[in-house]
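See structure below.
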Amino acid sequence: MAAVVLIWAVLATHALVSRSSIRDYGNFMVMLAEINVSLAIFNMIPIPPLDGSHLITPFLGRVNTTLAATYFRYGSLVLLAIILIQNFTRFEILPISRVTYAIVLWMLRLVGIV
């Protein structure tokens, strides 16, 4: 939080000289919001070691404990494989960027920026 206030203070001081810095500051804040929402969505994917896997844990343990142990043992490898396949093939397996853009656009409309 202190870093954002410091950056705002520097840009606000610079804004006295240039009007384009206000636009740059707005673009910077939108970029920070996009990164924050992207990480939140990515973290809720139900693959271990991400936090979304804790939503599935109670159900897997009831159904089959062996399946749950295998799921948690190899979940991080599956996540790594998904990320690598997505990067090398340019095929979007996890549409996080589209969901993020929609959420950030909704937030900006909510506060009246867009």
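The values are calculated or read from the model by the stated rules, or taken from the named source; none is laboratory data. This is a predicted model, so every value here is computed, not measured. When we count neighbours, we look across all protein chains shown, and the Cβ atoms used for this are built from the backbone with ideal geometry, even at glycine.
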field: Of all residues in the stretch 63-105 being exposed (fewer than 11 other Cβ atoms within 10 Å of the Cβ) and aromatic (Phe, Trp, Tyr), the one that is nearest to Glu34 (Cα to Cα)
entry: Phe91
field: Some residue of the stretch 60-81 being under 28 Å from Leu108 (Cα atoms), modelled with pLDDT of 85 or more and either under 18 Å from the mean Cα position of the chain (by Cα) or outside any helix (DSSP H, G or I) (or both)
entry: no
- prompt: Name the pairs: first residue in the stretch 21-41 and within 20 Å of Ser97 (Cα to Cα), second residue in a helix (DSSP H, G or I) and among the aromatic types (Phe, Trp, Tyr), Cβ to Cβ under 8 Å, at least 6 apart or on different chains?
  reply: Glu34/Tyr101
- prompt: Which residues, taken from the stretch 82-114, are under 12 Å from the mean Cα position of the chain (by Cα), of a type in the set (A, V, I, L, M, F, W, C) and either assigned to a helix (DSSP H, G or I) or over 22 Å from Pro48 (Cα atoms) (or both)?
  reply: Ile96, Val99, Ile103, Val104
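Kindly indicate whether Leu50 is at pLDDT 85 or above and either in contact with a Leu (Cβ under 8 Å, 6 or more places away or on another chain) or outside any helix (DSSP H, G or I) (or both). Working first, answer last.
Details: at pLDDT 85 or above: yes; either in contact with a Leu (Cβ under 8 Å, 6 or more places away or on another chain) or outside any helix (DSSP H, G or I) (or both): yes.
So Leu50 passes the test.
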